[in-house]
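A quick write-up on the structure given underneath.
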Amino acid sequence: MENGLNEEILDKLTKVCLCKAIPRKRMKDAIRAGADTVDKVNREVGSGTGGCGGKRCGPKIAALLEGYRNGEWV
C-alpha cells in the first residue's frame, strides 16, 4: 500500500507511458505473461511508439522489469 491506497488501484491509475496513456497495470500484466525486456513490453502493450519514442516510459518499464526480477512485486 502506498499512501493508504490499494496497490491494484494505483496500478490502474498510474500511467507509465504518458504519450499513449498506458497504465502500469497493463505493463505488469505483460511482464507477468513473459515480456522480459523493454522491447517485448513495448510490442505487447504499444508503449514506446508515442511522441517521445519511449524516452519517458522506457526507464520506467526497465525499473518495473528489475522490480519483478527482484521479487518486489508479483
Find the residue count for the stretch 38-74, including only residues that are open to solvent by 60 Å² or more (accessible area, probe 1.4 Å) and in a loop (DSSP other than H, G, I, E, B). 7
Restricting the search to the stretch 24-37, which residues are out of contact with any strand residue (DSSP E or B) (no Cβ under 6 Å at 6 or more places or on another chain) and either surrounded by 12 or more Cβ atoms within 10 Å (Cβ to Cβ) or of a type outside the set (D, E, K, R) (or both)? 25, 26, 28, 29, 30, 31, 33, 34, 35, 36, 37
Residue 16, sole failed condition from (1) more than 12 Å from the chain's Cα centre (by Cα); (2) surrounded by 15 or more Cβ atoms within 10 Å (Cβ to Cβ): (1)
Reported set for the stretch 35-69 where residues are touching a helix residue (DSSP H, G or I) at 6+ places or on another chain (Cβ under 8 Å) and either of a type in the set (Asp, Glu) or free of Cβ contacts under 8 Å to residues at least 12 places away in the same chain (or both) is 35, 36, 40, 44
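The values are calculated or read from the model by the stated rules, or taken from the named source; none is laboratory data. Given the structure is predicted, the values throughout are model-derived calculations rather than measurements. Glycine also receives a Cβ, built like all others from the backbone with ideal geometry; neighbour counts cover every protein chain displayed. Areas reflect the complete protein model, heavy atoms only, side chains present, ligands, DNA and RNA absent. Shrake-Rupley method; radii C 1.70, N 1.55, O 1.52, S 1.80 Å.
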